Ligand code: NAD
């Protein structure tokens with residue numbers, strides 16, 4: 001059993017009450033580590049320490065290029081420890097080691113990319129009409145940034161937020177999910193090793209409603225970047241509004257994956273499978289609504305079943321496993337409950353539909369056909385390996401169904417018709433539209449949600465603006 005402490009002000013510490021909580025391996029269902037539990041007092045200490053580091057420590061006067069150099073060293077350290085970091089996260093949240101292998105190789109790119117932007121944050125000299133006056137603008141770090149992450153991708157989401165915030169010159173406090181704190185604490189070891197000044201990067205662990213909420217409402221928190229559920233996002237947004245804090249929200253989705261009759265069906269089947277079954281469906285971008293043109297519906301479902309039935313379910317630590325466990329017991333129960341909801345709503349179960357006994361919390365890859373978009377199974381985020389198949393007649397109907405959701409995170413479109421590609425990309429209300437692919441991502445491209453899927457963007461050049469504030473300076477000469 002491993003025992004993790006929190007990382008506050010450059011020191012490894014217990015929580016103020018000395019309490020700990022367990023973190024559980026979702027494959028075995030057994031605890032494998034304990035984590036120091038943070039309290040409101042620890043949250044306050046972390047924010048105050050970060051605030052002080054931005055004012056009086058070496059971070060306050062460090063040049064932008066020196067900040068960038070530190071971030072590059074963090075990228076190198078992540079590269080050197082990539083395999084280990086991936087294994088820790090797989091053990092903690094059950095994501096396939098094969099998927100983690102890809103993710104951890106990608107993590108350093110966030111550091112290198114934002115390191116490159118650190119010394120390109122420029123101000124402007126706007127022309128002013130009054131003679132004898134001069135105006136210039138400065139883009140300054142916004143202040144202490146709190147980064148709150150969910151359990152499905154703590155490293156990927158955490159490193160993205162942290163790299164952007166540090167490049168901007170902020171100090172950060174990360175609050176990982178209570179279900180998956182270990183990989184973020186391993187990241188903190190690397191931050192310590194590469195020599196960031198104390199207080200610039202902090203990790204506080206514990207439950208969202210107490211320590212997470214305390215971080216958000218602390219008066220010295222200037223920015224909250226939250227990734228998690230719609231419910232959590234709303235709570236955080238309301239609390240942040242009381243203190244006029246800047247907020248980025250990356251929330252849930254119910255993404256449509258739309259296949260037209262002129263699509264390359266081999267590619268579309270693969271896209272539909274990876275769209276919903278990667279990470280056992282526990283991804284915000286899961287293509288959980290599969291919209292099929294009526295003329296290809298039956299043959300597509302047949303092909304999908306043939307493909308999905310062969311999926312190897314089991315130990316996420318094995319390279320050839322294709323479907324791993326569900327990360328937490330509440331999530332496991334929620335998915336099984338939704339399967340019952342779909343049955344009771346009249347959706348037709350054609351694959352799976354229950355628990356799998358290969359390990360602790362496993363749900364079979366599940367497919368429902370004859371789904372009506374008004375059913376709960378088509379409207380609510382299941383966050384599991386459950387696909388709803390919906391038939392459509394024509395392009396217009398496909399657009400109407402795709403947009404008939406309170407979410408707007410992502411969408412897939414499969415067609416060979418170039419005019420349709422652009423029409424669909426324009427018409428779909430979502431932050432990301434993939435055409436003839438699904439899940440493509442890059443640290444260089446903005447990622448964010450429309451409607452209830454969130455506010456603001458992460459990744460890409462403009463994301464750094466969310467960690468800056470602009471000051472206008474007037475000089476009367
Ligand atoms: P969650 O909202 O329950 O928790 C997310 C994080 O917020 C956790 O660290 C939790 O402790 C914390 N938290 C919860 N309530 C809080 C509060 N009142 N104040 C401060 N912090 C609080 O979400 P989850 O179950 O961990 O994650 C799954 C959800 O995340 C899904 O809805 C998924 O779609 C979403 N998600 C979105 C993206 C994206 O980029 N849009 C990426 C991954 C996951």
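The values are calculated or read from the model by the stated rules, or taken from the named source; none is laboratory data. Remember, predicted model here, so these are calculated numbers, not experimental data. Glycine also receives a Cβ, built like all others from the backbone with ideal geometry; neighbour counts cover every protein chain displayed.
The residues listed here are 66, 98, 41; of these, the one that is free of Cβ contacts under 8 Å to residues at least 12 places away in the same chain, assigned to a helix (DSSP H, G or I) and surrounded by fewer than 24 Cβ atoms within 10 Å (Cβ to Cβ) is 66. Taking residue 238, is it surrounded by fewer than 23 Cβ atoms within 10 Å (Cβ to Cβ), within 23 Å of residue 20 (Cβ to Cβ) and either touching a residue at least 24 places away in the same chain (Cβ under 8 Å) or within 14 Å of the ligand (Cβ to nearest atom) (or both)? The answer is no for residue 238. Checking each residue in segment 317-347 for being under 25 Å from residue 92 (Cα atoms), in a helix (DSSP H, G or I) and in contact (Cβ under 8 Å) with a residue 12 or more places away in the chain picks out 329, 331, 332, 334, 335, 336, 338. Applying the selection to segment 348-390, what residues are touching a residue at least 60 places away in the same chain (Cβ under 8 Å) and surrounded by fewer than 17 Cβ atoms within 10 Å (Cβ to Cβ)? Answer for segment 348-390, where residues must be touching a residue at least 60 places away in the same chain (Cβ under 8 Å) and surrounded by fewer than 17 Cβ atoms within 10 Å (Cβ to Cβ): just 379.
The strands (runs of 3 or more DSSP E) falling completely within segment 356-414 that include 1 or more residues that are within 16 Å of the ligand (Cβ to nearest atom) map to 386-392, 410-414. Among the criteria (1) touching a strand residue (DSSP E or B) at 6+ places or on another chain (Cβ under 9 Å); (2) assigned to a helix (DSSP H, G or I); (3) within 13 Å of the ligand (Cβ to nearest atom), the one residue 185 does not fulfil is (3). Of the residues making up segment 415-436, just one is more than 16 Å from the ligand (Cβ to nearest atom) and in a strand (DSSP E or B), namely 435.
From 53, 131, 145, grab the single residue that is at pLDDT 95 or above, crowded, with 18+ Cβ neighbours inside 10 Å, not assigned by the TED database to the domain that holds residue 319 and not in a helix (DSSP H, G or I).
Matching residue, one of 53, 131, 145: 145.
Any residue at all in segment 289-304 that's under 30 Å from residue 29 (Cβ atoms) and either within 16 Å of the ligand (Cβ to nearest atom) or modelled with pLDDT of 95 or more (or both)? No, the conditions are met nowhere in segment 289-304.
Being in a loop (DSSP other than H, G, I, E, B) and within 10 Å of the ligand (Cβ to nearest atom) is a property that holds for residue 205. Restricting attention to segment 263-276, the residues that are crowded, with 24+ Cβ neighbours inside 10 Å and either in a loop (DSSP other than H, G, I, E, B) or within 16 Å of the ligand (Cβ to nearest atom) (or both) total 2. Summed over segment 249-262, residues that are part of a strand (DSSP E or B) and either near the ligand (Cβ under 10 Å from one of its atoms) or out of contact with any helix residue (DSSP H, G or I) (no Cβ under 8 Å at 6 or more places or on another chain) (or both) total 2. Taken together, 32, 59, 12 contain a single residue that is more than 30 Å from residue 363 (Cα to Cα), assigned by the TED database to the domain that holds residue 173 and touching a strand residue (DSSP E or B) at 6+ places or on another chain (Cβ under 8 Å), which is 12. Quick check: anything in segment 437-449 within 28 Å of residue 226 (Cβ to Cβ) and assigned to a helix (DSSP H, G or I)? Within segment 437-449, not a single residue is within 28 Å of residue 226 (Cβ to Cβ) and assigned to a helix (DSSP H, G or I). Does residue 224 count as assigned to a helix (DSSP H, G or I), in contact with a helix residue (DSSP H, G or I) (Cβ under 6 Å, 6 or more places away or on another chain) and either within 11 Å of the ligand (Cβ to nearest atom) or modelled with pLDDT under 95 (or both)? In short, no. Within segment 208-221, being more than 9 Å from the ligand (Cβ to nearest atom) and either free of Cβ contacts under 8 Å to residues at least 60 places away in the same chain or surrounded by fewer than 24 Cβ atoms within 10 Å (Cβ to Cβ) (or both) holds for 218, 219, 220.
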